[in-house]
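> Below you'll find the structure I mean.
The values are calculated or read from the model by the stated rules, or taken from the named source; none is laboratory data. From a predicted model like this one, the values you see are computed outputs, not experimental measurements. Quick reminder, even Gly has a Cβ in these numbers, built from the backbone with ideal geometry, and neighbours come from all protein chains shown. Quick note on the areas: whole protein, heavy atoms, side chains included, nothing else; ligands and nucleic acids left out. Shrake-Rupley method; radii C 1.70, N 1.55, O 1.52, S 1.80 Å.
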Amino acid sequence: MHANNLTNLLDALTDTSVYVIEEDTHRLLYFNQRCRDMGRGKAVLGAKCHDIWPEVCTNCPLAGLRENSSNHIVCYDPLLKTAIDATANRILWDGDIRAVVITVTPHKPNFEEEQGLYKIKQMYAKSLVTVFDECIIVNLTGNYYVNCQKDLVWSGIPERGDFGVENLIYAQKVLHPDDLERFNECFSREAMLRIFEEGKNQISLRLRRLTPSGSYHMAEFTAKRIDDPEANECWCVLVFRISAGTAAECRDQPAGDRRPDCLPDVDRGKPDAEYLSHVGI
């Protein structure tokens with residue numbers, strides 16, 4: 001194969017970094033286009049690899065090479081921000097230079113790793129059952145949700161879809177009628193977007209929620225914003241947890257004038273920020 005063809009072939013590996021260093025000095029003898037792109041202008045022949053990519057030195061495949069002809073590791077790459085496969089192989093460069101060729105590719109989980117991830121997800125789901133009665137992931141910007149964990153009262157409502165519409169249907173179906181207004185003030189899509197855009201990271205409120213037994217119990221509703229500095233969208237997780245106390249225990253106080261003792265006593269005339277602060281945001 002012509003040398004230019006080989007160079008073009010290696011440069012075409014857009015997801016694979018290939019470079020060659022002198023084993024004794026670690027000076028760069030060759031690198032493909034992917035390495036040049038990741039080199040931030042410092043990838044030049046003769047430069048030492050630890051001067052070009054110092055962030056990856058702690059996980060260098062040369063460290064485990066020892067007397068072997070090759071070494072392979074799986075590690076986290078802080079530059080690519082993902083797990084990688086890194087392989088080092090001893091070669092002779094130009095016929096007489098003791099060198100090492102290093103290849104770096106994004107790591108793809110094998111079957112055993114996939115099974116391990118599946119087990120972790122199963123454990124995560126089971127742990128949610130012990131902590132929360134319901135868990136919903138919401139993309140508020142895209143107006144889309146996925147119900148990751150639901151109880152029997154959820155039946156009839158899609159497990160995923162338009163959050164603004166289904167959230168209203170959900171509230172009307174499962175909440176005590178006297179608590180709907182307070183729910184919408186904090187947990188409608190528009191209210192949540194506004195609250196999170198104001199810098200709040202969490203919304204919490206205690207409301208009366210219907211249970212599969214047909215009675216209302218106090219439930220702690222919480223929306224926690226999912227931080228993702230690289231995303232231009234607003235994501236959050238919505239959960240609730242049933243607490244002790246039924247609506248019957250609050251029956252002696254009329255709805256509308258004064259909140260039941262088992263709910264926060266809130267001055268509805270206060271500004272939104274003060275009201276939301278009172279209920280735990």
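> Putting +1 on Lys and Arg Cβ atoms and -1 on Asp and Glu Cβ atoms, find which of Trp53, Asn71, Gly95 reaches farthest to the positive end of the dipole of the stretch 1-95.
Trp53
> Pop out the carbon and sulfur fraction of the accessible area of the stretch 1-78 as a percent, whole number, probe 1.4 Å.
So the carbon and sulfur contribution to the accessible surface is 53 percent.
> At a Förster radius of 35 Å, what calculated FRET efficiency corresponds to the Cβ-Cβ distance of Asn143 and Arg241, to the nearest 0.05? Let's see the in-between values first.
Numbers: r = 26 Å, r/R0 = 0.73.
So, using R0 = 35 Å, E works out to roughly 0.85.
> Step through the table entries Lys42/Lys81; Lys108/Lys200; Lys42/Lys108; Lys81/Lys108, compare each Cα-Cα distance with 26 Å, and write down the pairs that go over it. Please report the intermediate quantities before stating the final value.
Values: Lys42/Lys81 20 Å; Lys108/Lys200 37 Å; Lys42/Lys108 29 Å; Lys81/Lys108 14 Å.
Beyond 26 Å between Cα atoms: Lys108/Lys200; Lys42/Lys108.
> Another question, if that's okay. Can you tell me the convex hull volume per residue for the stretch 159-219, based on C-alpha atoms, in Å³ to the nearest whole number? Intermediate values should be presented prior to the final figure.
On the way: hull volume 5.6 nm³, N = 61.
Normalising the Cα hull of the stretch 159-219 by residue number yields 93 Å³.
> Another question, then. Which value in Å does the Kirkwood hydrodynamic radius of the stretch 1-61 take, with 1/r averaged over all unlike C-alpha pairs and then inverted?
This gives a value of 12.1 Å.
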